[in-house]
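Undergrad: I'd like to ask you about the structure that follows.
The values are calculated or read from the model by the stated rules, or taken from the named source; none is laboratory data. Note that the structure is a prediction, hence the values are computed from the model and not measured. As a convention, Cβ positions derive from the backbone with ideal geometry for all residues, glycine included, and neighbour counts pool all protein chains shown.
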Amino acid sequence: MSVKAGALRFNTDSLKLELYDGNQWVEIVASSPEAQTGGARGVFGGGVINTPTATATNTIEYVTISTTGNSLDFGDLLNSTNAPSSCSSSTRGLWGGGLAPGAINNINYVTIASTGNAQDFGDLTIARWYSFACSSSTRGVFGGGETPTYLNVIDYVTIASTGDAKDFGDLTETKSQHSACSSSTRGLFGGGLTPSLVNTINFITISTLGNAADFGDLSVARRAFTACSNSTRGIFGGGQDSGLLNVVDYITIATLGNAIDFGDLTAARIYPAACSSPTRGIFGGGRSPTDVNTIDYVTIMSTGNAIDFGDLISATGYNRLACSNGHGGL
């Protein structure tokens, strides 16, 4: 049956109202962070600065995703932290775990719409690094990582409260250096090391408890890459297989299946950080092969190569993580 442009439907997977624009179904956003605050904000925290030697940082920077330009100082994390994980609600950003310099389990939080230093939230169930996180508007979910033993553990917190994480379930495999993104109902964990390179994507239903299930495969098995999403699409960018990658691929979160080619980042690099608004995904920092402060962006519901956005304050080569108050889980 043909569908006419302008038709409406209620998506029972995403629980959102959608409009058919003549080519695809697009979510109708009644009240977004752009409308509420003048623009969704992306916040970058932690990581390693490699000049003159590799040094973990506690700096937090932010950008307004709907604009272009350089990042601005936000404040500091509680610890100088390498390889934390990050997730967010529409009000709070969280960073959990990492190396400082040993494995830590503490969770920091900030109020995204303000600026200032992070505060203590609680602890993960296990001290670890390279554990990647996703979230809905209420829950933050942290999956995998290493101690240095590779882990399949998933734990969660209620973002609006404070307190320690609780057990959620397990990934389908032990993994590290993977990446994660979400819609309001599903969280996805893709790729990484098991310790072999994998292209597998797991998914969970964020509002429940239980083990992850198979979603499909990335277009390239890789590690040290990043992901972001709106409510419809998850976007994966950068990383490394036998060399540095500029590949960007995407999936439709409400379905199951393999990732499809989207385009390329402006430069091949490992360890970029990503965050998103309902319309844009941005990728900041990384190593290519030296540290870069580049920020580039894509329009999530299109395909094509990334475009220059601006620069981070400092070139952060490894393991900086980002979140936003406008991502697909909200």
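Undergrad: Which one of Gly187, Gly257, Gly169 is touching a Leu at 6+ places or on another chain (Cβ under 7 Å) and either not acidic (Asp, Glu) or not assigned by TED's automatic domain parsing to the domain that holds Met301 (or both)?
TA: After applying the criteria, what remains is Gly169.
Undergrad: Here are some residues: Ser137, Ser89, Ser80. Which one is of a type in the set (S, T, N, Q), out of contact with any Cys (no Cβ under 7 Å at 6 or more places or on another chain) and farther than 28 Å from Asn230 by Cβ?
TA: Just a single option satisfies the conditions, and that option is Ser80.
Undergrad: To continue, here is another question. Which residues, counting only those in segment 67-102, are part of a strand (DSSP E or B), under 25 Å from Gln177 (Cα atoms) and touching a Gly at 6+ places or on another chain (Cβ under 7 Å)?
TA: Correct list: Asn82, Ser85, Ser86, Cys87, Leu94, Trp95, Gly97, Gly98.
Undergrad: Please determine, by comparing only the residues of segment 186-205 that are β-branched (Val, Ile, Thr) and crowded, with 23+ Cβ neighbours inside 10 Å, which one is farthest from Asp167 (Cα to Cα).
TA: Per the stated criteria, the residue is Ile201.
Undergrad: Could I ask something else about it? Please give the number of the condition Ser302 fails out of (1) farther than 23 Å from Asp241 by Cα; (2) in contact (Cβ under 8 Å) with a residue 12 or more places away in the chain.
TA: Failed condition: (2).
Residue-wise test of (1) touching a His at 6+ places or on another chain (Cβ under 9 Å); (2) among the aromatic types (Phe, Trp, Tyr); (3) over 23 Å from Gly42 (Cβ atoms).
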{"site": "Ala113", "(1), (2), (3)": "no, no, no"}
{"site": "Gln119", "(1), (2), (3)": "no, no, no"}
{"site": "Ala127", "(1), (2), (3)": "no, no, yes"}
{"site": "Tyr130", "(1), (2), (3)": "yes, yes, no"}
{"site": "Ala133", "(1), (2), (3)": "no, no, no"}
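Undergrad: Moving to a separate point now. Here are some residues: Ala160, Ala165. Which one is small (Gly, Ala, Ser), buried (at least 18 other Cβ atoms within 10 Å of the Cβ) and either more than 15 Å from the chain's Cα centre (by Cα) or closer than 26 Å to Asn325 by Cβ (or both)?
TA: Selected residue: Ala165, the only one of Ala160, Ala165 that is small (Gly, Ala, Ser), buried (at least 18 other Cβ atoms within 10 Å of the Cβ) and either more than 15 Å from the chain's Cα centre (by Cα) or closer than 26 Å to Asn325 by Cβ (or both).
Undergrad: Among the residues of segment 289-313, write down those that are under 25 Å from Cys134 (Cα atoms) and among the hydroxyl-bearing types (Ser, Thr, Tyr).
TA: Thr294, Tyr297, Thr299, Ser302, Thr303
Undergrad: Same structure, new question: Could you please find all residues in segment 287-307 being of a type outside the set (A, V, I, L, M), touching a strand residue (DSSP E or B) at 6+ places or on another chain (Cβ under 7 Å) and under 23 Å from Ile251 (Cα atoms)?
TA: Correct list: Asp296, Tyr297, Thr299, Thr303, Gly304, Asn305.
Undergrad: I've got another one for you. Wholly within segment 221-330, which strands (runs of 3 or more DSSP E) include no fewer than the required count, namely at least 2 residues that are more than 30 Å from Ser207 (Cα to Cα)?
TA: 260-264, 294-299, 307-311
Undergrad: Take the residues of segment 134-156 that are more than 23 Å from Ser196 (Cβ to Cβ) and touching a Phe, Trp or Tyr at 6+ places or on another chain (Cβ under 7 Å): which is surrounded by the fewest Cβ atoms within 10 Å (Cβ to Cβ)?
TA: Checked segment 134-156; the qualifying residue surrounded by the fewest Cβ atoms within 10 Å (Cβ to Cβ) is Arg139.
Undergrad: I've got another one for you. Determine whether Thr208 is over 19 Å from the mean Cα position of the chain (by Cα) and modelled with pLDDT of 95 or more.
TA: yes
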